[in-house]
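See structure below.
The values are calculated or read from the model by the stated rules, or taken from the named source; none is laboratory data. Nothing here was measured: the structure is a model prediction, and the numbers come from that model. Positions of Cβ are backbone-derived with ideal geometry, glycine not excepted, and every protein chain shown enters the neighbour counts.
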Amino acid sequence: MKFIALIPARYASTRLPGKPLAMLVGKPVIQHVYEHVAQCTALSDVLVATDDERILNAVQAFGGKALMTRADHRCGTDRCLEAMNSWLSEHPEVDAKDLVVVNVQGDEPFVHPEQISDLCRCFEQPDTDIATLARPYTAEDSLDDLQNPNTPKVVFGKDMRAILFSRSVIPYLRNVPQEQWLTQHIYYRHVGMYAYRASVLRAIATLQPTPLEIAESLEQLRWLENGYTIRVAITRHATIGIDTPDDLRKAEQFISCQ
């Protein structure tokens, strides 16, 4: 298998316009993302897929690779598909059936190269269509953290195949007081990082929204409902996404404490 990382990064953002170019301890956020991803030795290439020349120029200025994509994509998955097809057209020696695309969000400056490696290892199982990450809740987490609907949870089987994603607490521990849930069961938060076989990325881009996806507003449920195997890897690394100016301040504090 050949693995490449694509980092979709768009300029428009309701809460923090131009966030890929927001400065974080002297570097734009997108540079932090790119440099962390590029440390993963399992990757053959790393590329930023953007809809804005300012981001393209910034990436090229620090020595990274980037390409322009259309501005009307519905989501980062569609942007990754366009970027993958462009990459394949420039690398005719690569057979698409041997290609896996790792999709890393352009607002995750603390992505760890080990997380990328964990995703890649999921494809040692030949039935893996899509890979993603989960991180266990710990004793430091509160019940409020567990019940936060903005943090999706995931459950998976012994073979690490995802069974369900939900904004609700899953599983529900019957006959156990809620304040004891975190001590009686290992819960997993979903880390929204994915890797796809090239053929699967092309296929899921054509799928229509499904009932579970609409109910929970979680795109990965569309893939489960259509029968795709999503294999989960466990990570211990915490990430901090940049969505707001406050997130940027927290990220600066996080770096200063390291």
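Run R231 past the list (1) without any contact (Cβ under 8 Å) to a residue 60 or more places away in the chain; (2) more than 20 Å from A22 (Cα to Cα) and report the number of the one that doesn't hold.
Unmet for R231, out of (1) without any contact (Cβ under 8 Å) to a residue 60 or more places away in the chain; (2) more than 20 Å from A22 (Cα to Cα): (1).
Out of (1) touching a residue at least 60 places away in the same chain (Cβ under 8 Å); (2) over 13 Å from the mean Cα position of the chain (by Cα); (3) buried (at least 16 other Cβ atoms within 10 Å of the Cβ), what's the single condition that is false for K97?
Only one criterion is unmet by K97, namely (3).
Condition first: modelled with pLDDT of 95 or more and of a type in the set (S, T, N, Q). Now tell me which residues in region 189-206 satisfy that.
S199 - this is the single residue of region 189-206 that is modelled with pLDDT of 95 or more and of a type in the set (S, T, N, Q).
Assuming A61 fulfils every condition listed in (1) surrounded by fewer than 12 Cβ atoms within 10 Å (Cβ to Cβ); (2) hydrophobic (A, V, I, L, M, F, W, C); (3) closer than 24 Å to L119 by Cβ apart from one, which condition is it?
For A61, the exception is condition (3).
Tell me whether region 172-188 contains one or more residues that are at pLDDT 95 or above, closer than 30 Å to L6 by Cβ and in contact with a Ser or Thr (Cβ under 8 Å, 6 or more places away or on another chain).
No; the residues of region 172-188 include none that is at pLDDT 95 or above, closer than 30 Å to L6 by Cβ and in contact with a Ser or Thr (Cβ under 8 Å, 6 or more places away or on another chain).
Does G192 count as within 23 Å of the chain's Cα centre (by Cα) and exposed (fewer than 13 other Cβ atoms within 10 Å of the Cβ)?
Details: within 23 Å of the chain's Cα centre (by Cα): yes; exposed (fewer than 13 other Cβ atoms within 10 Å of the Cβ): no.
Criteria not met by G192.
For region 215-235, give me the residue count where each residue is buried (at least 18 other Cβ atoms within 10 Å of the Cβ) and in a helix (DSSP H, G or I).
Within region 215-235, residues that are buried (at least 18 other Cβ atoms within 10 Å of the Cβ) and in a helix (DSSP H, G or I) number 5.
Quick grid of which residues meet (1) among the aliphatic types (A, V, I, L, M); (2) within 19 Å of L212 (Cα to Cα); (3) touching a helix residue (DSSP H, G or I) at 6+ places or on another chain (Cβ under 6 Å):
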{"site": "F156", "(1), (2), (3)": "no, yes, no"}
{"site": "D159", "(1), (2), (3)": "no, no, no"}
{"site": "A162", "(1), (2), (3)": "yes, yes, no"}
{"site": "S168", "(1), (2), (3)": "no, yes, no"}
{"site": "R174", "(1), (2), (3)": "no, no, no"}
{"site": "G192", "(1), (2), (3)": "no, yes, no"}
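With the requirement that a residue be more than 16 Å from A71 (Cβ to Cβ), assigned to a strand (DSSP E or B) and in contact with a strand residue (DSSP E or B) (Cβ under 6 Å, 6 or more places away or on another chain), what does region 1-26 give you?
Result: K2, F3, I4, A5, L6, I7.
Check region 242-250 and report whether any residue there is touching a residue at least 12 places away in the same chain (Cβ under 8 Å) and closer than 21 Å to F3 by Cβ.
Within region 242-250, not a single residue is touching a residue at least 12 places away in the same chain (Cβ under 8 Å) and closer than 21 Å to F3 by Cβ.
Would region 30-41 turn up any residue that is touching a helix residue (DSSP H, G or I) at 6+ places or on another chain (Cβ under 9 Å), surrounded by fewer than 18 Cβ atoms within 10 Å (Cβ to Cβ) and of a type in the set (S, T, Y)?
yes
Considering only residues that are more than 15 Å from A233 (Cα to Cα), free of Cβ contacts under 8 Å to residues at least 12 places away in the same chain and part of a loop (DSSP other than H, G, I, E, B), which ones fall in region 143-194?
N148, Y172, R174, N175, V176, P177 - these are the residues of region 143-194 that are more than 15 Å from A233 (Cα to Cα), free of Cβ contacts under 8 Å to residues at least 12 places away in the same chain and part of a loop (DSSP other than H, G, I, E, B).
Within 16 Å of K2 (Cβ to Cβ) and surrounded by fewer than 17 Cβ atoms within 10 Å (Cβ to Cβ): does that describe E53?
When the stated conditions are applied, E53 does not pass them.
Identify, by number, the condition in (1) in contact with a Pro (Cβ under 6 Å, 6 or more places away or on another chain); (2) within 30 Å of K2 (Cβ to Cβ) that E114 doesn't meet.
E114 satisfies all of (1) in contact with a Pro (Cβ under 6 Å, 6 or more places away or on another chain); (2) within 30 Å of K2 (Cβ to Cβ) except (1).
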